Ligand SMILES: Nc1ncnc2c1ncn2[C@@H]1O[C@H](COP(=O)(O)OP(=O)(O)O)[C@@H](O)[C@H]1O
Ligand SMILES: Cc1cn([C@H]2C[C@H](O)[C@@H](COP(=O)(O)O)O2)c(=O)[nH]c1=O
C-alpha cells in the first residue's frame, strides 16, 4: 500500500540527507521521483543537505496545487513513482491534503521531511497537518544533541547566541550562523524552557557569581 510518511525531527538531524538517499536509491533502480521543496537554504528549486549533496527540486509556491502538479506531469506523459517533499513545514495545510490525495488517488508513495515545531515550540501548520494525515511519523535515528549532551528535541532561534521568542514564524536560516545574524540552535526541552543556549551557558559558567569562592 502506498503511504504518506512524515520524517520529522529538529533542525540538523539529517532529514534532507535521508531525502537525498531515498531519491538516490530509487532513481538508481530506474524509478522516477517528483521532488518538492520550499525555501531551502541553498536557494530556489534546490534540496540540499549539510553533507554537501544537492539536487534540483520543484520550488513550491503559495497556493500551488501539488496534486494538480503531479497529475499534469502524468498527463503530459511523465512518470511519477514516488514524491519527496522537503522543508514540508513550510507547506500550507491544503498542500499536505493534496499530498495525501496523491497517495490515495494516484497510488504513489509520498515522503515528507520537516521540522515539527518552530522556535517557540509551536507546531508549523504544515507539520500539524502531516501529523494529522500521515500513515506514519518517523523520528530520525541520528539524534541531534543539545550542548549539554541530551537529545535535542527543540529548535531555538538565536541572535548573537541569545535565544529569542519574538518574531515571524518563518525565517530561513541555519545553525552555526555568525554571532550578529539570526541563527538557530537545537536544544533539549529543559534548556529550551530555560532559554539557555550554548553561548549563555558558557557565559553563566564564566560569571564571577558562579566561580568557587576561595578564603582570603
Ligand atoms: N562534516 C560532517 N561530517 C559528518 N556528518 C556531518 C557533517 N556535517 C553535517 N553532518 C551530518 O549532517 C546532519 C545534518 O544533515 P541535514 O540533512 O542537512 O539535516 P536537516 O535536513 O535535518 O536539517 C548532521 O546532523 C550531521 O549528522
Ligand atoms: C525553528 C525554525 C526554523 N525555521 C527555518 C530555518 C531553516 O531554514 C528551516 C529548517 O531547515 P532544516 O533543513 O531542518 O535545518 O526552517 C523557521 O523558519 N522558523 C523556525 O521557527
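The values are calculated or read from the model by the stated rules, or taken from the named source; none is laboratory data. Predicted model only: the values in this text are computed from it and were never measured. Every residue, glycine as well, gets a Cβ built from its backbone with ideal geometry; the counts of neighbours run over all protein chains shown.
At-a-glance table
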| read-out | value |
| --- | --- |
| Check on residue 92, more than 16 Å from ligand 2 (Cβ to nearest atom) and either farther than 19 Å from residue 27 by Cβ or crowded, with 17+ Cβ neighbours inside 10 Å (or both) | no |
| Some residue of segment 72-85 being more than 16 Å from ligand 1 (Cβ to nearest atom), part of a strand (DSSP E or B), over 16 Å from residue 37 (Cβ atoms) and assigned by TED's automatic domain parsing to the domain that holds residue 16 | no |
| Residue 189 being modelled with pLDDT of 95 or more, assigned by TED's automatic domain parsing to the domain that holds residue 158, surrounded by 11 or more Cβ atoms within 10 Å (Cβ to Cβ) and at positive phi | no |
| Residues of segment 1-56 satisfying the condition of being in a loop (DSSP other than H, G, I, E, B), crowded, with 21+ Cβ neighbours inside 10 Å and either modelled with pLDDT under 95 or touching a helix residue (DSSP H, G or I) at 6+ places or on another chain (Cβ under 9 Å) (or both) | 38 |
| Subset tally (residues that are free of Cβ contacts under 8 Å to residues at least 12 places away in the same chain and closer than 17 Å to residue 50 by Cα) for segment 142-176 | 1 |
| Search result, residues across segment 57-70 that are over 15 Å from residue 32 (Cβ atoms) and surrounded by 11 or more Cβ atoms within 10 Å (Cβ to Cβ) | 59, 60, 64, 65, 66, 67, 68 |
